[in-house]
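Q: Sharing a structure with you now.
The values are calculated or read from the model by the stated rules, or taken from the named source; none is laboratory data. Source: prediction; values computed, not measured. Counting neighbours? That spans all protein chains shown, and the Cβs are built from the backbone with ideal geometry, glycine included.
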Amino acid sequence: MKHLVPPILRPKTVSNKMTARMQKMEGEKGAADHPETRDTYKIAYIIHFLLGAGNLLPWNAFITAIDYFGYLYPTKHIEKVFSVAYMSSSVLVLLIVVSWGGWSKHLSYRLRMNMGFCIFVLSLMVAPLIDWSSSGSGPEGRSNVAYGVTVASVVVCGIADGLIGGSLVGAAGKLPKQYMQAVFAGTASSGII
């Protein structure tokens, strides 16, 4: 009867060495699956939700103000330039964070996220300052330098997003799974906040 089952469908015997490896991997995986923590008032969940929302809030501020930037720079392709500038700088930072993981031992998640949020605030202040400094010249009189500085602030905002995104997901990954869900729920809701 045993020989009637094709060799492909026959269960393979697993060696003791392989079983030990699988149990070790299961043990490592189980270490990340902490028992449910006591978060009575859901404060940690709310904090992770807000951090996730804050991660994309500056990008949403730039992209929502597309009509404003289109008025300031009528001859430029704002949507295309902003998207490419932001996403490419963000992905570049994420690649650096992933490939050079050793430097994360020197900078804590908290420090990287705080640096990123400070960079967000500074980059978001650039656009109004540029507009205020050249407010007398009207949209036709705005120079390419003002446009370049605005695009540079979008790039800096993307760099901060990569720094925060990688750090936030890394920090939430060390916690129980509901906190990772809170981060992504916050990120998803940042478009309507």
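Q: Quick one: in segment 146-174, of everything that is polar (S, T, N, Q) and within 13 Å of residue 124 (Cβ to Cβ), which residue is surrounded by the most Cβ atoms within 10 Å (Cβ to Cβ)?
A: So, considering only residues that are polar (S, T, N, Q) and within 13 Å of residue 124 (Cβ to Cβ), the one surrounded by the most Cβ atoms within 10 Å (Cβ to Cβ) is 150.
Q: Here are 12, 80: which of them is modelled with pLDDT of 85 or more and among the charged types (D, E, K, R)?
A: One residue alone meets the criteria, 80.
Q: Which of the numbered conditions does residue 100 fail, given that it passes all the others? Conditions: (1) modelled with pLDDT of 70 or more; (2) out of contact with any Asp or Glu (no Cβ under 9 Å at 6 or more places or on another chain); (3) surrounded by 10 or more Cβ atoms within 10 Å (Cβ to Cβ).
A: Going through (1) modelled with pLDDT of 70 or more; (2) out of contact with any Asp or Glu (no Cβ under 9 Å at 6 or more places or on another chain); (3) surrounded by 10 or more Cβ atoms within 10 Å (Cβ to Cβ) one by one, residue 100 breaks only (3).
Q: Identify, please: which residue in segment 37-72 is closer than 18 Å to residue 168 by Cβ and small (Gly, Ala, Ser) and is, among those, nearest to the chain's Cα centre (by Cα)?
A: If we take residues in segment 37-72 being closer than 18 Å to residue 168 by Cβ and small (Gly, Ala, Ser), then 52 is nearest to the chain's Cα centre (by Cα).
Q: Residues to consider are 167, 135, 108; find the one that is among the hydroxyl-bearing types (Ser, Thr, Tyr) and either within 14 Å of the chain's Cα centre (by Cα) or modelled with pLDDT of 95 or more (or both).
A: 167
Q: Any chance you could count how many residues in segment 150-178 are more than 17 Å from residue 51 (Cα to Cα) and not small (Gly, Ala, Ser)?
A: Of the residues in that region, 5 qualify.
Q: What residue, among those in segment 64-83 that are of a type in the set (Ser, Thr, Tyr) and within 18 Å of residue 161 (Cβ to Cβ), is surrounded by the most Cβ atoms within 10 Å (Cβ to Cβ)?
A: 83
Q: While we're here: Where residues in segment 28-54 are in a loop (DSSP other than H, G, I, E, B) and surrounded by 10 or more Cβ atoms within 10 Å (Cβ to Cβ), which of them is modelled with the lowest pLDDT?
A: By that ranking, first place goes to 34.
Q: Quick one: would you say residue 24 is part of a helix (DSSP H, G or I), at pLDDT 90 or above and of a type in the set (D, E, K, R)?
A: No: the conditions fail for residue 24.
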